[in-house]
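The values are calculated or read from the model by the stated rules, or taken from the named source; none is laboratory data. Keep in mind that what you see is a predicted model, and the values were worked out from it rather than measured. Cβ: placed from backbone, ideal geometry, glycine included. Neighbour counts: every protein chain shown.
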């Protein structure tokens, strides 16, 4: 599908973004293995989170969905059943990595796969700790999907994450729910803590001290009624759009403000972005509130080390902001970008060059000088949702109409993204 994007005069209005993908995945998985009913409002509309629901259904979990909520009838301890066919995670790395932790704790064998892009994404980071816990796992070339997982009889382990990864942490902790004894995960740097918050909400015995997470196995979970905050990563595209289009003012309502995700706001504000946080409140341990943003002349910045890990999903849209900032953007320690839905360093660079933006590609990142102008161009998403949405925002400031090929990739995390963008754009 091709989308045409015309330059904007301003961004104005009020809006909401879909439910947080990270939280939606976790609520659904925990609801599936809890006892009783879990009701989830504002569940993410993205294709990735619906891949999780389909996998859970294939494991025997009854799930209903309406316009208002997703209702999960939990299977309880030992209640999942062997799937009659291969589980399909679609394009969702979150689904395959996190669900593998649950599959490792079952008494049956499962086979889980995904689409062509997911089959290229390495899974050795979860294979190693799950094998240490006692699961038998077979993978293509020992690291790629499909994964055949024969679980059961797990033992808790003390595991230090080799690289910062909330997905790997979650995989190990979910397996730990089915393991004898305690499972301990040590983080070299903090990652998003949605799993720890959700586990506590569902009744798990978990404690977190100085980035050391300790979980007791075989503690039954109880179904919950939950509200998913709006996805801050999805809001990032609209925040940047309002920052770079002159005379803009936008309010995004009901956005998740979890402190482990606040690095985006901290970074934007440090660059001089006019962003105000209002009406902050708590729901099931998660913070949410409103973000008011006005167009701003931002300075630029450097993303490296722990900040890179915290901002890894937002780097495509921050590249757009960096190109129009005063001093540009430098990104380091971001080799992880090369094993996302695409090699995002390469796809960012390709689209930058198409619109006449200078970029220097590094082995683990890139440098984009500031004060650049966007030339009208034909972009390509390369099947990556974040690339599609980032280029749509860049197109708002181009010197003419732009087109985006394979724009439907945005549906992975934000169905209706282009309609939502048009609703707040003044031409």
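Brief remarks follow.
Rundown of residues vs (1) within 18 Å of the chain's Cα centre (by Cα); (2) assigned to a loop (DSSP other than H, G, I, E, B), yes/no style:
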residue	(1), (2)
288	yes, no
293	no, no
327	no, yes
347	no, no
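- From 341, 330, residue being assigned by TED's automatic domain parsing to the domain that holds residue 236, farther than 18 Å from residue 413 by Cα and in contact with a helix residue (DSSP H, G or I) (Cβ under 9 Å, 6 or more places away or on another chain): 330
- Answer from 376, 319, 358 - the residue that is assigned to a helix (DSSP H, G or I) and assigned by TED's automatic domain parsing to the domain that holds residue 267: 319
- Among the residues making up the stretch 252-266, those that are touching a strand residue (DSSP E or B) at 6+ places or on another chain (Cβ under 7 Å), crowded, with 19+ Cβ neighbours inside 10 Å and touching a residue at least 40 places away in the same chain (Cβ under 8 Å) are 252, 254, 255, 256, 258.
- From the list 74, 79, 36, 60, the one residue that fits, being in contact with a helix residue (DSSP H, G or I) (Cβ under 6 Å, 6 or more places away or on another chain), modelled with pLDDT of 95 or more and in the same structural domain as residue 118 (by TED's automatic domain parsing), is 74.
- Total residues in the stretch 395-424, condition outside any helix (DSSP H, G or I) and farther than 15 Å from residue 374 by Cβ: 6
- Candidate set from the stretch 355-365 (those that are in contact with a strand residue (DSSP E or B) (Cβ under 6 Å, 6 or more places away or on another chain) and surrounded by 18 or more Cβ atoms within 10 Å (Cβ to Cβ)); member that is nearest to residue 409 (Cα to Cα): 355
- Within the stretch 210-222, none of the residues are under 30 Å from residue 323 (Cβ atoms) and surrounded by fewer than 23 Cβ atoms within 10 Å (Cβ to Cβ).
- Figure legend. Inter-residue proximity from the stretch 389-403: first residues under 16 Å from residue 313 (Cβ atoms), second residues assigned to a loop (DSSP other than H, G, I, E, B) and modelled with pLDDT under 95, beta-carbon distance below 7 Å, spacing 6+ or different chains. Indicated pairs: 389/414.
For every residue, the table says whether it meets (1) free of Cβ contacts under 8 Å to residues at least 60 places away in the same chain; (2) within 25 Å of residue 385 (Cα to Cα); (3) surrounded by 23 or more Cβ atoms within 10 Å (Cβ to Cβ).
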site	(1), (2), (3)
78	yes, no, no
82	yes, no, no
87	yes, yes, yes
96	yes, yes, yes
100	no, yes, yes
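- Residues being modelled with pLDDT of 95 or more and either touching a strand residue (DSSP E or B) at 6+ places or on another chain (Cβ under 9 Å) or not assigned by TED's automatic domain parsing to the domain that holds residue 170 (or both) - total across the stretch 188-210: 16
- Checking each residue of the stretch 298-312 against the condition of being within 23 Å of residue 12 (Cβ to Cβ), modelled with pLDDT of 95 or more and not in a strand (DSSP E or B) gives at least one match.
- The residues listed here are 44, 65; of these, the one that is touching a strand residue (DSSP E or B) at 6+ places or on another chain (Cβ under 9 Å), under 30 Å from residue 291 (Cβ atoms) and crowded, with 24+ Cβ neighbours inside 10 Å is 44.
- Selected residue (criterion: farthest from the chain's Cα centre (by Cα)) from residues of the stretch 366-387 that are buried (at least 22 other Cβ atoms within 10 Å of the Cβ) and in contact (Cβ under 8 Å) with a residue 40 or more places away in the chain: 374
- Residues of the stretch 253-270 include at least one that is modelled with pLDDT of 95 or more and on the phi > 0 side of the Ramachandran plot.
- Residue 345 vs. criteria in contact with a strand residue (DSSP E or B) (Cβ under 8 Å, 6 or more places away or on another chain), farther than 19 Å from residue 242 by Cβ, buried (at least 23 other Cβ atoms within 10 Å of the Cβ) and at pLDDT 95 or above: yes
- In the set (1) assigned to a helix (DSSP H, G or I); (2) surrounded by fewer than 22 Cβ atoms within 10 Å (Cβ to Cβ), residue 278 fails one condition alone, (1).
- Within the stretch 39-57, the set of residues being modelled with pLDDT under 95 and touching a helix residue (DSSP H, G or I) at 6+ places or on another chain (Cβ under 6 Å) comprises 46, 47, 48.
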